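Engineer: One structure is given below, represented as structure tokens, and several questions about it will come after.
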Amino acid sequence: MTSHSDTTDTAPATAGSCPVRLTPELVEDPVGAYAGFRTRSELPEVVLPGLQTPARLVTRYAEVKAALTEPRLVRDRSRVPGGADGADPQAELLEAALGGFPAEYARYVAGHLALLDGPEHARLRTPLTRAFTARRIAALRSFVERTAEDLLRGLAARGEADLLGEFAYPLATVVVCELVGVEEDDRDRVCAWIHDFAYGDGSRTVDGLVGIVDYTKELIARRRAAPTEDLVSALIGAGHDGGEPLTEDELVSVVFLLISTGITPPALFLAHAVLALFDHPEQLAALRADPALLGRAVPELLRHVSLVRIGASMYATEDFEFAGTALKKGETVTVALLAANHDAEEYGETADRLDITREFGRGDGHLAFGHGAHYCLGAALGRLVTSVVLDQVLVRRPGTDLAVGRDALEFGHWPGDGFHLLRLPVRF
């Protein structure tokens, strides 16, 4: 872990100055270094926590949004004409995440849509977009409500529980299993594999990976023979509607995409959103007094928390100027989504405050789900689950509160990112 002393200088950069080494504390602080970065005439060059390779960091809302739709910034480094020289921060992150996995299984996790561009990205994303219909997501509401209530009933009977480990993670896991189409008789063992792979103690990560891959291949074979109403059946059926069918390997990779992006990030967001309301008791009181504010509270919490603080690496395909900076071909650029979502140029003088009465304009009103071609496929599901959880945990159970002092909460972090809760003890 990088020390605080590595990044005390946030003054404007000068020619030839060293990259700023960001700590996890600074990455997750919506003011901190970002406020200084936004005043610079050029994009700052930074090294993200736990990494060694510098990248240009975009922090202003308008420029983050522009970067996410800039065709000369690509996610797939191999698409840089003539190749890109030097180290690659994205490769560092993948090595940290996949280094201990058997190659024949790691490829399913590495084939991430977030790292693809252009026609290949569109080919894989299109059937998934078609399968993520509004009807399919809306149909999940009653399942999410039932599952959340069942989990909470048992936890509340005990009087105290870890809202992250004993509620948010299990809820997100079961919702993904339901969406994918994991059959009821298989659910316990598949959920156990997902736990081991996605958020266990690390001792059985490879076993979880192998179990999920082998089961997903079995499920694909079953759905080819007898389709149902689940997502896997819809993805298989996409090839029958004039589109290019996904291969078995691509279907397995899609399931891992759903597990990787649909469990840990949403579960952590739910815990951090609840904590944000605990940290702002006047906002929590307002929500409990007027549950109709949920419609505004959900997007405001997405903006304020911005669980994914730093976006995927992008690479310049040519020399060009962006955000006042002369980028060189192959140079790495990344976006600070948390910084953008707290930019006073976009949100005014209340940018750094949590305000569940905040009114947004058209669209999301924030960049927590990204923007452009890589906009989060699960955004609608994320909003649905967040609304259900806030209602059931905080509104219907008005006595829910932290079970420990704020300074007793435990946090961890991953390379390239800020701090995340390890557990959230609450009493009911």
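The values are calculated or read from the model by the stated rules, or taken from the named source; none is laboratory data. Since the structure is predicted, the reported quantities are computational estimates derived from the model, not experimental observations. Glycine also receives a Cβ, built like all others from the backbone with ideal geometry; neighbour counts cover every protein chain displayed.
Engineer: Quick test of your reading of the structure: Thr317 fulfils all but one of (1) touching an Asp or Glu at 6+ places or on another chain (Cβ under 9 Å); (2) surrounded by fewer than 23 Cβ atoms within 10 Å (Cβ to Cβ). Name the failing condition by number.
Structural biologist: Just one mismatch for Thr317, condition (1).
Engineer: Starting from the range 218-240, keep only residues that are under 12 Å from Arg136 (Cβ atoms), then list their pairs with residues that are surrounded by fewer than 11 Cβ atoms within 10 Å (Cβ to Cβ) whose Cβ atoms are within a distance under 9 Å, requiring at least 6 positions of separation or different chains.
Structural biologist: Cβ pairs passing all conditions: Ser233/Ala226.
Engineer: Tell me, yes or no, whether the range 184-203 has at least one residue that is small (Gly, Ala, Ser), buried (at least 16 other Cβ atoms within 10 Å of the Cβ) and not in a helix (DSSP H, G or I).
Structural biologist: Here is the first cut: in the range 184-203, the ones small (Gly, Ala, Ser) are 192, 198, 200, 202-203.
In the following step, the residues that additionally are buried (at least 16 other Cβ atoms within 10 Å of the Cβ) were identified as 192, 198, 200.
Add one more test, that the residue is not in a helix (DSSP H, G or I), and what stays is 200.
Within the range 184-203, one or more residues are small (Gly, Ala, Ser), buried (at least 16 other Cβ atoms within 10 Å of the Cβ) and not in a helix (DSSP H, G or I).
Engineer: Quick one: Arg362 ticks every box in (1) in a loop (DSSP other than H, G, I, E, B); (2) under 25 Å from Thr39 (Cα atoms) except a single one, so which number is it?
Structural biologist: All conditions pass for Arg362, except number (2).
Engineer: Next up: Of all residues in the range 143-165 being touching a Pro at 6+ places or on another chain (Cβ under 7 Å) and of a type in the set (Asp, Glu), which is farthest from His272 (Cα to Cα)? Don't jump to the end; show me each part of the working.
Structural biologist: Of the residues in the range 143-165, the ones touching a Pro at 6+ places or on another chain (Cβ under 7 Å) are 151, 160, 162.
Narrowing further to those that are of a type in the set (Asp, Glu): 160, 162.
Working: Glu160: 18, Asp162: 13 Å.
Out of the qualifying residues, it is Glu160.
Engineer: Turning to a different aspect of this structure: Take the conditions in contact (Cβ under 8 Å) with a residue 60 or more places away in the chain, out of contact with any Lys or Arg (no Cβ under 7 Å at 6 or more places or on another chain) and under 23 Å from Leu384 (Cβ atoms) and apply them to Val144. Does it pass?
Structural biologist: Considered against the rule, which asks whether it is in contact (Cβ under 8 Å) with a residue 60 or more places away in the chain, out of contact with any Lys or Arg (no Cβ under 7 Å at 6 or more places or on another chain) and under 23 Å from Leu384 (Cβ atoms), Val144 comes out as yes.
Engineer: Helices (runs of 4 or more DSSP H) wholly in the range 64-176 with at least 2 residues that are touching a Ser or Thr at 6+ places or on another chain (Cβ under 6 Å) - which ones?
Structural biologist: 89-98
Engineer: If I filter the range 157-173 for residues that are under 30 Å from Val80 (Cα atoms), within 21 Å of the chain's Cα centre (by Cα), at pLDDT 90 or above and not charged (D, E, K, R), do I get at least one hit?
Structural biologist: No.
Engineer: Could you tell me how many of the residues in the range 77-99 are surrounded by 11 or more Cβ atoms within 10 Å (Cβ to Cβ) and either touching a residue at least 60 places away in the same chain (Cβ under 8 Å) or touching a Phe, Trp or Tyr at 6+ places or on another chain (Cβ under 9 Å) (or both)?
Structural biologist: Result for the range 77-99: 11.
Engineer: To continue, here is another question. Any residue at all in the range 245-256 that's surrounded by fewer than 23 Cβ atoms within 10 Å (Cβ to Cβ) and farther than 21 Å from Val109 by Cβ?
Structural biologist: yes
Engineer: With the condition being closer than 23 Å to His366 by Cα, touching a helix residue (DSSP H, G or I) at 6+ places or on another chain (Cβ under 6 Å) and modelled with pLDDT of 95 or more, I'd like the helices (runs of 4 or more DSSP H) fully within the range 238-356 carrying at least 2 qualifying residues.
Structural biologist: 264-279, 281-289, 294-305, 337-340
Engineer: Then there is this: In the range 395-420, what residues are in a helix (DSSP H, G or I) and surrounded by 13 or more Cβ atoms within 10 Å (Cβ to Cβ)?
Structural biologist: Hit for the range 395-420 is Val395, nothing else.
Engineer: Name the pairs whose Cβ atoms lie under 9 Å apart, with the first residue in the range 107-131 and on the phi > 0 side of the Ramachandran plot and among the polar types (S, T, N, Q), the second outside any helix (DSSP H, G or I) and at pLDDT below 85, and 6 or more positions between them or separate chains?
Structural biologist: The qualifying pairs do not exist here.
Engineer: Moving on to the next point. Find the residue count for the range 1-41, including only residues that are within 23 Å of the chain's Cα centre (by Cα), assigned to a loop (DSSP other than H, G, I, E, B) and modelled with pLDDT of 50 or more.
Structural biologist: So the count comes out to 6.
Engineer: On to the next question. Please go through the range 291-308 and give me each residue that is within 25 Å of Gly416 (Cα to Cα) and either buried (at least 23 other Cβ atoms within 10 Å of the Cβ) or free of Cβ contacts under 8 Å to residues at least 60 places away in the same chain (or both), ordered by number.
Structural biologist: Glu300, Leu301, Leu302, Arg303, His304, Val305, Ser306, Leu307
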